[in-house]
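Q: I'd like to ask you about the structure that follows.
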Amino acid sequence: MNGRFTLNIFVALVAAFLVFPILAIVPVAFSAQSFIRLPPESWSLRWWGAFFQDASWKLTLVTSLKIATLTTCVSVLAGTAAAFGISRCSPRSRTLLTGLFLGPVMVPTIVLAVAMYSMGRATGMVGTITALVIAHTMLALPFVILNVAVSLDSLDQRFILAASGLGAGSVRIFRTVTFPLVSPGIVGGGIFAFVTSFDEVVLSIFLSGPNVKTLPVRIWEEIRLEYTPVVAVGATLMLLLALIAATMNRISKNK
Amino acid sequence: MKITSHRFLTTALLSPAILILAVSFLVPLGRLVLISFSSPKGLFYAYSQLFEDEIFATVFLNTTTIAIVVTLLAVVIAYPVAFALTKVSKGWHAILLACVLLPLWISVLVRTFAWMVLLERNGPVNTLLVSSGILEKPISLLFNHASVGIGMLHVLLPYAVLPMYAALVQIEPNLLRASEGLGASRTTTFLKVLLPLSLKGIATAATFTFLLSLGFFVTPALLGGASSLTLSMLIDSFVSDRLNWPLASAASVILLVAALLVVAISKRFIALTSFARVHQ
């Protein structure tokens, strides 16, 4: 009984360690002081004003949202198609393709970043939206493919046989049976792709330019330069978006 | 006729993803390897420069040491959490699982910034330590090995919990009851039943955390001091400060080979797809 109690206390402490520290940034965003201190001595919305009145901060938020949306579209389209393609392959090529598509997950991000930065410099792509979308798509693609592949694997083949037996053609089967049944996997992959792009820092640091800069890159720069509570406003916005995405993912899974 | 059109559709479905992977991953990595051999002073000049450099040796050792320590801590701390997930009631299970999964959604940058706020000289952790009498006056908790370790552990723990939970949840509960019913002590049951049956999960968790910690960049760069330089920070300085591409590429290739070595060794006992499945 005693051992059980110790275990519960330990696990509760670890859970608290995982969740509570993240919330530390929120009160800082509502500080009235000009420096970062927790807890703030007095409260205000001045740093929220500073964030939204500063065109350059606002632009990074818009850029991040734009890049995340484009990344989601590209990786969902290419990833879903690839998952269907893989399911039509022989087991041997399946293993090979899965290994290939998982490649970016296994390579350290800094290596990917330096490789893409060097390539981007050679082709004049550094500091373009296209370069960032391609880089983020590379990171998001494995998760979309796996998500869709899992729904495809669990698809009951008898539904397709039934539809075919009832006289439906292959296009109609795809539209009315296969697609609706794998769509939760596609939605889950899409949400994850959006967050992967919106959260990404390392590749973005290397591929951003003066005109195209994502919110995390601006936060990263500002932490090392000014370190004022406006950083906490940016971080709180990122936290908020991540929580919305996690909730949406939860809802889509429960449906 | 039928077979060719089947092949054609499969190729058409796969080609967009393969094209993206080619321009973003395969070609850039291939170029990086070539650049690492492109020093004007000879094919292997960049590599020999690195191997003779004392700083590189120190940083490499530093990175591996941090990775090993953080991996060990993560596995030891995460195991009881994974075990608890298989034991608690349904309601607590949902809450605990949410605590483990939620951090995965939040950017490493945001989480690292939170630790900067918490650990600074006038921050809440120092205040707590002083007011409880553990410390006489606030000390610098940031920019050392410990702050890097805490920040990394915070990011890596979920990656350690999930594979071990996946392994533990498959263990037949009757085996544990049988062991206890036959008079084995808790320790014996753990050592002779639970531990051997969850070894695969432990191996997967250790591989994840070790692989990820080898390439950590943001956390050590913000929470670490000059003494906790990691390989990724060194590569960044080769590119950004010294503009030495052969050197940066050679160091990247070494990090890449180290990562692939870890994957190759672990592939013998864990499934490749579990690397990414953890996110679901």
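The values are calculated or read from the model by the stated rules, or taken from the named source; none is laboratory data. Computed from a predicted structure; not experimentally measured. Note: ideal-geometry Cβ built from the backbone for every residue, glycine included; neighbour counts use all protein chains shown.
Q: Only one of these conditions is not met by B:THR86: (1) modelled with pLDDT under 95; (2) facing chain A (nearest Cβ under 10 Å). Which number is it?
A: The number of the failed condition is (2).
Q: Tell me which residues, restricted to the stretch B:113-140, are more than 14 Å from every other protein chain (Cβ to nearest Cβ) and under 31 Å from the mean Cα position of the chain (by Cα).
A: Hits for the stretch B:113-140 are B:LEU129, B:ILE139, B:SER140.
Here's the yes/no breakdown for (1) of a type outside the set (Asp, Glu); (2) buried (at least 22 other Cβ atoms within 10 Å of the Cβ):
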{"site": "A:ALA162", "(1), (2)": "yes, no"}
{"site": "A:SER170", "(1), (2)": "yes, no"}
{"site": "A:ARG175", "(1), (2)": "yes, no"}
{"site": "A:GLY188", "(1), (2)": "yes, yes"}
{"site": "A:SER197", "(1), (2)": "yes, yes"}
{"site": "A:GLU200", "(1), (2)": "no, yes"}
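Q: Among the residues of the stretch A:4-20, is any under 27 Å from the mean Cα position of the chain (by Cα), within 14 Å of another protein chain (Cβ to nearest Cβ) and under 24 Å from A:THR214 (Cα atoms)? Show your work before the answer.
A: First, the residues of the stretch A:4-20 that are under 27 Å from the mean Cα position of the chain (by Cα): A:14-20.
So of that shortlist, the ones also within 14 Å of another protein chain (Cβ to nearest Cβ) come out as A:14-20.
Now drop any that are not under 24 Å from A:THR214 (Cα atoms), which leaves none.
No, the stretch A:4-20 contains no residue that is under 27 Å from the mean Cα position of the chain (by Cα), within 14 Å of another protein chain (Cβ to nearest Cβ) and under 24 Å from A:THR214 (Cα atoms).
Q: Listed residues A:GLY120, A:GLY189, A:GLY127; which is under 21 Å from A:THR98 (Cα atoms), within 23 Å of the chain's Cα centre (by Cα) and either in contact (Cβ under 8 Å) with a residue 24 or more places away in the chain or assigned to a loop (DSSP other than H, G, I, E, B) (or both)? Don't jump to the end; show me each part of the working.
A: Numbers: A:GLY120 fails: under 21 Å from A:THR98 (Cα atoms); A:GLY127 fails: under 21 Å from A:THR98 (Cα atoms).
So the residue among A:GLY120, A:GLY189, A:GLY127 that is under 21 Å from A:THR98 (Cα atoms), within 23 Å of the chain's Cα centre (by Cα) and either in contact (Cβ under 8 Å) with a residue 24 or more places away in the chain or assigned to a loop (DSSP other than H, G, I, E, B) (or both) is A:GLY189.
Q: Now for a different question. State yes or no: is B:ALA178 modelled with pLDDT of 85 or more and assigned by TED's automatic domain parsing to the domain that holds B:LEU229?
A: Details: modelled with pLDDT of 85 or more: no; assigned by TED's automatic domain parsing to the domain that holds B:LEU229: yes.
For B:ALA178, the condition - modelled with pLDDT of 85 or more and assigned by TED's automatic domain parsing to the domain that holds B:LEU229 - is not met.
Q: Residue pairs, Cβ under 9 Å, 6 or more apart or interchain, first in the stretch B:136-151 and at pLDDT below 90, second of a type in the set (Lys, Arg) and exposed (fewer than 15 other Cβ atoms within 10 Å of the Cβ). List them.
A: Every condition considered, the pairs that remain are B:PRO138/B:ARG121; B:ILE139/B:ARG121; B:SER140/B:ARG121; B:LEU141/B:ARG121; B:LEU142/B:ARG121.
Q: Does the stretch B:98-111 contain at least one residue that is surrounded by fewer than 21 Cβ atoms within 10 Å (Cβ to Cβ), among the small types (Gly, Ala, Ser), out of contact with any strand residue (DSSP E or B) (no Cβ under 8 Å at 6 or more places or on another chain) and over 22 Å from A:VAL195 (Cα atoms)?
A: no
Q: Right, something else. For a quick check of your reading: which helices (runs of 4 or more DSSP H) sit entirely within the stretch B:1-112 and have at least 1 residues that are in contact with a Lys or Arg (Cβ under 8 Å, 6 or more places away or on another chain) and not assigned by TED's automatic domain parsing to the domain that holds B:VAL169?
A: Values: elements: B:2-21, B:27-36, B:45-52, B:54-87, B:90-105.
Of the helices (runs of 4 or more DSSP H) lying wholly inside the stretch B:1-112, those with at least 1 residues that are in contact with a Lys or Arg (Cβ under 8 Å, 6 or more places away or on another chain) and not assigned by TED's automatic domain parsing to the domain that holds B:VAL169 span B:2-21.
Q: Next up: I'm told B:ALA94 meets every condition in (1) surrounded by 15 or more Cβ atoms within 10 Å (Cβ to Cβ); (2) over 24 Å from the mean Cα position of the chain (by Cα); (3) of a type in the set (A, V, I, L, M) except one. Can you identify the failing condition by its number?
A: (1)
Q: Count, please, the residues in the stretch A:236-255 that happen to be among the polar types (S, T, N, Q), more than 9 Å from chain B (Cβ to nearest Cβ) and surrounded by 13 or more Cβ atoms within 10 Å (Cβ to Cβ).
A: 1
Q: If you don't mind, another one. Quick one: count up the residues across the stretch A:207-235 that are crowded, with 21+ Cβ neighbours inside 10 Å, touching a Phe, Trp or Tyr at 6+ places or on another chain (Cβ under 9 Å) and more than 8 Å from chain B (Cβ to nearest Cβ).
A: Of the residues in that region, 8 qualify.
Q: May I pose another question? Please pick out the residue among A:PHE35, A:PHE101 that is in contact with a helix residue (DSSP H, G or I) (Cβ under 7 Å, 6 or more places away or on another chain) and either surrounded by 14 or more Cβ atoms within 10 Å (Cβ to Cβ) or within 11 Å of another protein chain (Cβ to nearest Cβ) (or both).
A: Details: A:PHE35 fails: in contact with a helix residue (DSSP H, G or I) (Cβ under 7 Å, 6 or more places away or on another chain).
Matching residue, one of A:PHE35, A:PHE101: A:PHE101.
Q: Sort through A:LEU161, A:LEU141, A:LEU181 and tell me the only one that's assigned to a helix (DSSP H, G or I), over 25 Å from A:MET248 (Cβ atoms) and not small (Gly, Ala, Ser). Working first, answer last.
A: Working: A:LEU141 fails: over 25 Å from A:MET248 (Cβ atoms); A:LEU181 fails: over 25 Å from A:MET248 (Cβ atoms).
Result of the check over A:LEU161, A:LEU141, A:LEU181: A:LEU161.
Q: In addition: Anything in the stretch A:107-124 that is on the phi < 0 side of the Ramachandran plot and surrounded by fewer than 20 Cβ atoms within 10 Å (Cβ to Cβ)? List them, or say none. Please lay out each step first, then the result.
A: Filtering the stretch A:107-124 down to residues on the phi < 0 side of the Ramachandran plot leaves A:107-123.
Answer for the stretch A:107-124, where residues must be on the phi < 0 side of the Ramachandran plot and surrounded by fewer than 20 Cβ atoms within 10 Å (Cβ to Cβ): A:ARG121, A:ALA122, A:THR123.
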